[in-house]
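See structure below.
The values are calculated or read from the model by the stated rules, or taken from the named source; none is laboratory data. Being a predicted model, the structure only gives us computed values, none of them experimental. Because the Cβ atoms are built from the backbone with ideal geometry, glycine has one as well, and the counts that use them run over all protein chains shown.
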Amino acid sequence: STYRIAGIPGDGIGVDVTIEARKVLDRAAELHGFGLEWTEFDWSCERYSRTGTMMPAEGVEQLAPFDAILLGAVGFPGVPDHVSLWGLLIPLRRAFAQYVNLRPVKLLPGTTSVLAGRSAEELEMVIVRENSEGEYSAIGGRHNTGQPGEFVLQESVFTRVGVQRIIRYAFELAVNRKGRVCSATKSNGLIHSMPYWDEIFAEVAAEYPNVASEQCHVDALAARMVQQPERLDVVVASNLFGDILSDLAAAVTGGLGMAPSGNINPPGEFPSMFEAVHGSAPDIAGQGIANPVAQVLTGAMLLEHLGRTGAANAVTTAVEKVLAEGAVATPDLGGTATTAQLGSAIAAALG
Ligand code: NAI
Ligand code: MG
């Protein structure tokens with residue numbers, strides 16, 4: 001069979017790393033007896049600066065028929081970050097009901113954690129971030145502009161369906177992992193939204209008597225992620241809290257150049273979209289030195305989502321093999337290899 005994949009390389013290093021991910025995925029598909037048919041879209045901040053929009057008005061309709069989307073990163077000096085977020089990422093995540101942002105982190109061979117002395121096992125966890133509502137809401141506004149009483153309101157939206165489905169997804173994941181879920185809350189400070197989140201967490205937890213559940217204030221949880229990461233496995237969090245915790249989780253393990261993520265529509269009704277956690281890195285864009293590992297592992301998540309577990313595992317194993325050998329490494333890994341050299345080494349390690 002052949003899967004239709006939409007590629008959106010985006011800006012900066014998004015372009016460099018997406019080419020390498022494609023190289024690796026194509027090789028994995030060839031070896032595992034299926035096809036990937038790629039269609040590329042130039043949607044980006046670069047497009048925005050030429051045309052005034054991140055994507056065409058019918059962008060969502062264009063992507064709907066694809067089996068999955070592989071996105072690089074968007075972001076360009078001079079284009080405000082809210083343009084790329086609200087002009088592309090958020091509309092796609094919402095139109096395709098990609099209500100799960102899944103960010104697995106683990107310490108890869110040949111890399112060192114800032115938490116020296118921790119084993120890979122202790123540092124393995126997955127952040128399940130709510131991706132469709134919560135604190136990232138457009139509701140609100142500025143009032144009494146220019147007057148002494150000027151103020152802004154920024155509303156959060158938590159729906160019963162939205163909170164239930166993300167928490168249930170986390171528990172389902174925990175069943176096949178270490179059987180532990182920790183929920184990020186802040187019900188002492190946020191007195192409407194977070195008590196509601198906690199209430200639904202308790203209801204869903206009751207459906208999973210074999211999964212150990214706990215909740216933790218997000219500030220204490222951040223500290224725990226650094227001091228006692230071994231106590232965490234599946235972490236479920238609202239949109240804002242999950243955004244922050246997942247970058248922290250990536251940073252305490254292998255760093256941003258190694259962290260994959262998926263925006264997932266669990267029923268498979270719409271395409272899911274896979275993207276590395278890192279951004280377009282304007283500081284190193286165009287130099288051919290970006291680390292492609294995060295995007296390659298993002299590609300492995302895409303294959304897993306398509307049900308191609310064998311090919312997905314092969315990609316992960318190939319990455320681990322090349323990193324363990326250490327002969328081909330980009331500058332962030334302490335080497336001198338280019339993005340393309342590391343991508344090719346991973347593709348070659350597939351066999
Ligand atoms: P960033 O992740 O692009 O870069 C942070 C630092 O990490 C930089 O020093 C960069 O060189 C380094 N880095 C990141 N990925 C790397 C890789 N693969 N290999 C080696 N080094 C790597 O974050 P920053 O600088 O905050 O954002 C830059 C732009 O990217 C902004 O416009 C931002 O809005 C956008 N962005 C886009 C995202 C997306 O498309 N989903 C996510 C995060 C940021
Ligand atoms: Mg983020």
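State which residue is farthest from Thr338 (Cα to Cα) when the search covers only segment 242-286 and only residues that are within 13 Å of ligand 2 (Cβ to nearest atom), in contact with an Asp or Glu (Cβ under 8 Å, 6 or more places away or on another chain) and in a helix (DSSP H, G or I). Checking each candidate, the answer is Gly242. With respect to being surrounded by fewer than 20 Cβ atoms within 10 Å (Cβ to Cβ) and either among the small types (Gly, Ala, Ser) or under 20 Å from Arg103 (Cα atoms) (or both), Ser132 falls outside the description. Screening Val60, Val128, Val105 for residues that are assigned by TED's automatic domain parsing to the domain that holds Arg165 and β-branched (Val, Ile, Thr) leaves exactly one candidate, Val128.
The strands (runs of 3 or more DSSP E) found entirely in segment 128-206 that carry 3 or more residues being within 27 Å of the chain's Cα centre (by Cα) are 180-185. With respect to being outside any loop (DSSP other than H, G, I, E, B) and either surrounded by 22 or more Cβ atoms within 10 Å (Cβ to Cβ) or of a type in the set (S, T, N, Q) (or both), Ala314 falls outside the description.
Here Glu304, Glu269 are screened, and the one residue that is within 18 Å of the chain's Cα centre (by Cα), of a type in the set (Asp, Glu) and at pLDDT 95 or above is Glu304.
Against the conditions (1) closer than 22 Å to Arg93 by Cβ; (2) buried (at least 19 other Cβ atoms within 10 Å of the Cβ); (3) out of contact with any Asp or Glu (no Cβ under 8 Å at 6 or more places or on another chain), Ser238 satisfies every one except (3).
Checked against the criteria, Phe158 counts as under 25 Å from Gly268 (Cα atoms), among the aromatic types (Phe, Trp, Tyr) and touching a helix residue (DSSP H, G or I) at 6+ places or on another chain (Cβ under 7 Å).
How many residues does segment 317-331 hold that are within 16 Å of ligand 1 (Cβ to nearest atom) and surrounded by fewer than 17 Cβ atoms within 10 Å (Cβ to Cβ)? Give the derivation first.
First, the residues of segment 317-331 that are within 16 Å of ligand 1 (Cβ to nearest atom): 319, 322-323, 328-331.
From the residues that got through so far, the ones that are surrounded by fewer than 17 Cβ atoms within 10 Å (Cβ to Cβ) too are 331.
Qualifying residue count for the region: 1.
Look at segment 125-141: where a residue is touching a residue at least 24 places away in the same chain (Cβ under 8 Å) and a partner is part of a loop (DSSP other than H, G, I, E, B) and not aromatic (Phe, Trp, Tyr), sitting 6+ places away or on another chain with Cβ atoms under 6 Å, you get Met125/Leu232; Met125/Asp233; Glu130/Ser238; Asn131/Gln98; Gly134/Ser156; Gly134/Ser238; Glu135/Ser156. So, in segment 93-106, of the ones that are closer than 19 Å to Pro271 by Cα and within 16 Å of ligand 2 (Cβ to nearest atom), which residue ends up modelled with the lowest pLDDT? That would be Arg93. For segment 92-127, a tally of residues being farther than 21 Å from Leu240 by Cβ, charged (D, E, K, R) and not in a loop (DSSP other than H, G, I, E, B) returns 2.
How many residues does segment 318-351 contain that are polar (S, T, N, Q) and touching a residue at least 24 places away in the same chain (Cβ under 8 Å)? Don't jump to the end; show me each part of the working.
At the first step, the residues of segment 318-351 found to be polar (S, T, N, Q) are 330, 336, 338-339, 341, 344.
Still in the running and touching a residue at least 24 places away in the same chain (Cβ under 8 Å): 330, 338-339, 344.
Summing the residues that are polar (S, T, N, Q) and touching a residue at least 24 places away in the same chain (Cβ under 8 Å) in segment 318-351 gives 4.
Scanning segment 239-262 for residues that are within 12 Å of ligand 1 (Cβ to nearest atom) and of a type in the set (Ser, Thr, Tyr) gives Ser246, Ser261.
All told, Gly254 falls short of being within 30 Å of Thr330 (Cα to Cα) and modelled with pLDDT of 95 or more. Within segment 88-109, identify whether any single residue is out of contact with any Phe, Trp or Tyr (no Cβ under 9 Å at 6 or more places or on another chain), surrounded by 11 or more Cβ atoms within 10 Å (Cβ to Cβ), farther than 20 Å from Glu275 by Cα and not hydroxyl-bearing (Ser, Thr, Tyr), and answer yes or no. Scanning segment 88-109, I find at least one residue that is out of contact with any Phe, Trp or Tyr (no Cβ under 9 Å at 6 or more places or on another chain), surrounded by 11 or more Cβ atoms within 10 Å (Cβ to Cβ), farther than 20 Å from Glu275 by Cα and not hydroxyl-bearing (Ser, Thr, Tyr), so the answer is yes.
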